[in-house]
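What follows is calculated from the coordinates using simple rules that are stated; it is not laboratory data. What you see is a predicted model, and the numbers here were worked out from it, not measured in a lab. With ideal geometry, Cβ positions are generated from the backbone for all residues, glycine too; neighbour counts draw on all protein chains shown.
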Amino acid sequence: MIMTSVVIPSFQGGERLKVLLECLSRQVTDFEWEAIVVLDGSTDDSLDVIRDWAAIIPVRAVDLGVNQGRPTALNAGFSAANGRVLIRCDDDLAPRPQYLSDHTAHHRDTDEVGVIGLYDNIIPQTTYTSAYGAQAHAAFNRSVLATPAQYLWRYWAGNCSVTRTMYDRVGPYDTAFRYYGWEDTDWGYRLALAGASICVDPGLETPHHTPAVTTEIRSRRAFLSGSAATRFLEKHGPVDDPTSIEVAQWTVWTTGVRIASLAPNSIRVAGARFIDRVGHRFPRGITRKLIALSVESSGMAGRRCGPNPPASFGKGV
């Protein structure tokens, strides 16, 4: 009997899957498990990678054929899963040997819990990561660990687990969140509404080969995430959440962010590329402020855009 299913949504992730599946081959468990990789329109060697590893570990592919978005991929994976415990593990993670056991342990005696593991970002040295990204990630993890339990739904993401019973109670991921961001936050919020106790396990902090290593990529993601946030608000209305997605007060900084957010997308993208290209020549504090301006103004522009961003804006995300 399969105890635990690992659902891995993937798009063009052949190289990432080689790392992830090797990590899964090193898991230390006392139960049966399976991994389901959902190929969301991948045209690289992902399917061959999965077939090769299927001779070594219990992994199989669900191939969607065409790209349908992460919520659809997740739903397909969870529908195909046979385990009592369901783990979402994004394809850019590199789980440690106790990963499956530690997630599963939380669900041995209850269906009423949702478990979050943080990311331990593996960050290459770029202008963005050196001046802003590494520091921002560390601050984010500290803020998550300090968040009261009733607000942890906000951090439901790509390293998390529930039981089949709880998943069926909450229902599938909302496919209206077609682009980057908030499909997981929406599901986490619904998980909390379903009565689950959500916790963060510091021991499940997992190495993560983050794709957001440039100002341009991070700013594009901020725009799409801001856009998706408006869909969340349209769906649920205002929620009790201290991590408000709105800028609450006017300051010199927020005024600058608001002004920058009015620029056309093409101008903000060009600005982000400029920072990536020459930011290393500036004092680090100046570069950090420029990156923050690009990211925050992009997020605000996404919220102004609303829930239907330009289809082309996700390129490179």
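The label-point distance for Asp45 and Asn82, in a model that sets each label 7 Å from Cα toward Cβ, rounds to 2.9 nm.
Over the residues of the chain, the helix contribution to mean residue ellipticity at 222 nm works out to -13500 deg cm²/dmol, using -39500 (n - 2.57) for each DSSP H run of at least 4. What is the sum of charges around Ala55, taking Lys and Arg as +1, Asp and Glu as -1, for the other residues whose C-beta is under 15 Å from the C-beta of Ala55? Summing Lys/Arg as +1 and Asp/Glu as -1 gives -1.
Across the chain, Cα pairs under 8 Å and at least six residues apart give a relative contact order of 19 percent. Measuring max minus min along each principal axis, the C-alpha atoms of the stretch 46-105 give extents of 35, 25, 22 Å (largest first). Annotation: for a label point projected 7 angstrom from Cα along Cα→Cβ of Asp111, residues of the stretch 148-188 with backbone N closer than 11 Å are 163-170.
Across the chain, the longest run free of exposed loop sites, meaning trypsin sites (Lys or Arg not before Pro) lying outside DSSP classes H, G, I, E and B with no more than 13 other Cβ atoms within 10 Å, spans 109-314.
Quick one: of the DSSP bridges fully inside the chain, what percent are antiparallel, nearest 5? Don't jump to the answer; show the numbers that get you there.
Details: 8 of 32 bridges.
Looking only at bridges with both residues in the chain, the antiparallel portion is about 25 percent.
Report the net charge of residues surrounding Asp30, where surrounding means a beta-carbon distance below 13 angstrom and charges are Lys +1, Arg +1, Asp -1, Glu -1. Could the numbers behind the result be given before it?
Details: positive: Arg108; negative: Glu32, Asp102.
So the environment of Asp30 carries a net charge of -1.
Helix 265-278 axis versus longest C-alpha principal axis of the chain: approximately 90°, rounded to the nearest ten. The relative contact order of the stretch 215-314, computed from alpha carbon pairs under 8 Å that lie at least 6 residues apart in sequence, is 60 percent.
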